[in-house]
Amino acid sequence: MKYGGIELGGTKIVYGIGDEIGLLERHSIPTTDPASTLQTIKTYFQEKKVKRIGIATFGPVDLSTGTITTTPKPGWSGVNLKEWFKEWDVVIDTDVNGACFGEVAYGAGRGKQSVVYGTIGTGIGFGVYKDGKLLVAEGGHQLIQKHPSDHFNSVCLFHSNCMEGLASGPAIEKRWGKPGAELENSEAWELEANYLAQGITNICMMYFPKVIILGGGVMHHEGLLELVREEVKKNINGYIAVPEIVLPELGDNAGVIGAIELGRRG
């Protein structure tokens, strides 16, 4: 049987079909207005004749109703995903939980009972897998301490010192005047590692993960993963075991594969 999967991201939407073995087809379109983007995907699944769909969406999202709530993404607040895809059996979770689930099923989280997936990109979010269950959290909006030398104003509309506001891709670009992909300033990446490590340390203290998987465009910068590992180890300071901190094995397909797996498992 074939299953559909949708990863709704702030910048792009990845969707496709898969089966018990893995990903069969993958497509990507920009995240624009809800009507045009969701209709494109709906038409695709109608043609593929899938019976069940998993959706891993940006949030915040009310999982009981399938409604996106106070997102800063223009036009998407109040969109009901269950209503859009009502002709199918639909399972909905957060985008980061979808990516986490994909890595647990087929990637760096295989065989682990406690896994955290963090996406560091246009936004920041964390998915948590604990003892066979996915837990919902808004880890990207946890409050962290600003570095004394950092006089940058947060890009978050809600918080002046949350992870997303200070360490997301848009925050990097606005602070330094160029996107992370073009930024070689060592001071910039040391500050980024400091902010990411603060949030990751908090997550370690709450969930005691065996592995933390860090995906998203910001993590493509060479050397950032090593800086984050060093900072987390320094922060924990021997108090608890330091988890493995790794990149996704599924790369940028973790989200859509996880969404398909959500649909497959129902």
Please state the charge dipole magnitude for the chain, taken about the Cα centre, from unit charges on C-beta atoms (+1 on K and R, -1 on D and E), reported in debye and rounded to the nearest 20. 720
The range 77-173: chymotrypsin sites (Phe, Trp or Tyr not before Pro) falling in loop per DSSP and having at most 12 other Cβ within 10 Å: F158
Take every DSSP beta bridge whose two residues both sit in the range 1-71, then give the antiparallel share in percent to the nearest 5. 75
Amide H proximity to L24 below 5 Å, modelled H, separation 5+ or other chain, gives I17, G18, D19
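Computed from the mean reciprocal separation of all distinct C-alpha pairs, what Kirkwood hydrodynamic radius does the range 111-158 have, in Å?
Working: mean 1/r = 0.0774 Å⁻¹.
Here the Kirkwood hydrodynamic radius works out to 12.9 Å.
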If each K or R counts +1 and each D or E counts -1, the residues other than G215 whose Cβ falls under 11 Å of its Cβ total -4
When we measure straight from the Cα of K133, which lysines land under 21 angstrom away, once same-chain ones fewer than 8 places off are left out? K112, K210
Quotient of C-alpha Rg and 2.2 N^0.38 Å, computed over the range 117-266: 1.03
Take the Cα atoms of the chain, find their three principal axes, and give me the spread along each one in whole Å, biggest first. 54, 39, 31
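Find out how many positive minus negative residues lie around G10, taking Lys and Arg as positive, Asp and Glu as negative, among other residues whose Cβ is under 13 Å from that of G10. Don't skip to the answer; put the middle values down first.
Values: positive: K12, K73; negative: E7, D95, E164.
That works out to -1.
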Quick test of the membrane-span-like rule: which DSSP H helices of the chain reach at least 20 Å along their long axis (C-alpha atoms) with mean Kyte hydropathy at least 0.0? 186-207
Pick from I172, I21, I240: which is most flexible by mean-square fluctuation in a GNM of the chain where alpha carbon atoms under 10 Å apart are linked? I21
What lysines could a cross-link reach from K48, if we take a straight Cα to Cα line under 18 Å and drop same-chain neighbours fewer than 8 places away? K2, K86
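Based only on Cα atoms, what mean projected area does the convex hull of the range 44-150 have, in nm²?
Details: hull surface 36.4 nm².
Approximately 9.1 nm², given one-decimal rounding.
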Against the empirical 2.2 N^0.38 Å scaling, what ratio does the C-alpha Rg of the range 207-266 come to? 1.37
Students often forget the sequence filter, so: which aspartates and glutamates lie under 20 Å Cα-Cα from K233 once same-chain residues fewer than 8 apart are removed? E187, E190, E192, E222, E244
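Provide the per residue accessible area, probe 1.4 Å, for the chain, rounded to a whole number of square angstrom.
Per-residue value: 46 Å².
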With θ set to phi - 60° and the Karplus curve 6.51 cos²θ - 1.76 cosθ + 1.60, what are the ³J(HN,Hα) couplings of the range 74-84 in order, to the nearest whole Hz, using x for Gly and Pro? x, x, 9, 5, x, 5, 9, 6, 5, 5, 4
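What is the projected area of the convex hull of the Cα atoms of the range 1-73, averaged over all directions, in nm²?
Numbers: hull surface 20.4 nm².
That works out to 5.1 nm², a quarter of the Cα hull's surface.
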Would you grab the residues whose amide H sits under 5 Å from the one on G66? Only those 5+ places off in sequence or on another chain, please, with H modelled 1.01 Å from N. none
In whole Hz, the Karplus estimates of ³J(HN,Hα) for the range 21-32 (6.51, -1.76, 1.60; θ = phi - 60°; x where Gly or Pro) are 8, x, 6, 9, 9, 9, 9, 9, 9, x, 7, 10
Taking max minus min of the Cα coordinates of the range 143-192 on each principal axis, largest first, gives extents in Å of 28, 21, 14
For the charge dipole of the chain, defined by +1 on Lys and Arg C-beta atoms and -1 on Asp and Glu C-beta atoms about the Cα centroid, which residue among G255, G217, G118 has the Cα displaced farthest towards the positive pole? G255
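Taking Cα pairs under 8 Å and at least six residues apart, what relative contact order does the chain come out at, in percent?
For the chain, the relative contact order is 24 percent.
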Please list the non-local residues whose amide H lies under 5 Å from the amide H of V91, H modeled 1.01 Å from N, same-chain partners needing a gap of 5 or more. I53, G54, I55
Candidates V116, V50, V96, ranked by Gaussian network fluctuation over the chain, Cα under 10 Å, top entry: V50
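The values are calculated or read from the model by the stated rules, or taken from the named source; none is laboratory data. Quick caveat, the model's predicted, so the values are computed rather than measured. Positions of Cβ are backbone-derived with ideal geometry, glycine not excepted, and every protein chain shown enters the neighbour counts. We work out accessible area using only protein heavy atoms, side chains counted, and drop any ligands, DNA or RNA first. Shrake-Rupley method; radii C 1.70, N 1.55, O 1.52, S 1.80 Å.
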